[in-house]
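J.: One structure follows; several queries about it will come next.
The values are calculated or read from the model by the stated rules, or taken from the named source; none is laboratory data. All values derive from a computational prediction rather than experimental measurement. Reconstructed Cβ throughout: ideal geometry from the backbone, glycine too, with neighbour counts over all protein chains shown. Note: areas computed on protein heavy atoms with side chains; ligands, DNA, RNA excluded. Shrake-Rupley method; radii C 1.70, N 1.55, O 1.52, S 1.80 Å.
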Amino acid sequence: MLLFRWAILLLLLVAGVSFAFYAGTGHVKYRRVGWIVLKWTLLAAPSASSRC
């Protein structure tokens, strides 16, 4: 259970860093990667939390 929580936290951090890169550089690829990681993290979070 702890592994899933850390994985979700890490993926949310990756999405945040990607959005920060987008804000700093203006490259659309960082925004796209941030949305993809955020979307799949939020979709996976409920199934990971129901494993306990």
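J.: Looking at the range 2-13, I want the residues that are farther than 11 Å from Thr41 by Cβ and open to solvent by 100 Å² or more (accessible area, probe 1.4 Å) and have a partner that is assigned to a helix (DSSP H, G or I) and not basic (Lys, Arg) with Cβ atoms under 8 Å, at least 6 apart or on another chain. Which pairs are those?
T.: Once the first residue is farther than 11 Å from Thr41 by Cβ and open to solvent by 100 Å² or more (accessible area, probe 1.4 Å) and sits in the range 2-13, its partners that are assigned to a helix (DSSP H, G or I) and not basic (Lys, Arg) give Arg5/Ala48.
J.: Also: Does Gly24 qualify as being touching a Phe, Trp or Tyr at 6+ places or on another chain (Cβ under 7 Å) and open to solvent by less than 80 Å² (accessible area, probe 1.4 Å)? Even if it seems obvious, please write down each step before you answer.
T.: Values: touching a Phe, Trp or Tyr at 6+ places or on another chain (Cβ under 7 Å): no; open to solvent by less than 80 Å² (accessible area, probe 1.4 Å): yes.
No.
J.: Across the range 27-52, which residue is surrounded by the most Cβ atoms within 10 Å (Cβ to Cβ) among those that are more than 10 Å from the chain's Cα centre (by Cα) and of a type in the set (Lys, Arg)?
T.: Restricting to residues being more than 10 Å from the chain's Cα centre (by Cα) and of a type in the set (Lys, Arg), the top hit is Arg31.
For (1) assigned to a helix (DSSP H, G or I); (2) of a type in the set (D, E, K, R); (3) at pLDDT 95 or above, each residue gets a yes or a no:
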{"residue": "Arg5", "(1), (2), (3)": "yes, yes, no"}
{"residue": "Leu12", "(1), (2), (3)": "yes, no, yes"}
{"residue": "Ser18", "(1), (2), (3)": "yes, no, yes"}
{"residue": "Tyr22", "(1), (2), (3)": "yes, no, yes"}
{"residue": "Gly34", "(1), (2), (3)": "yes, no, yes"}
{"residue": "Val37", "(1), (2), (3)": "yes, no, yes"}
{"residue": "Leu42", "(1), (2), (3)": "yes, no, no"}
{"residue": "Pro46", "(1), (2), (3)": "yes, no, no"}
{"residue": "Cys52", "(1), (2), (3)": "no, no, no"}
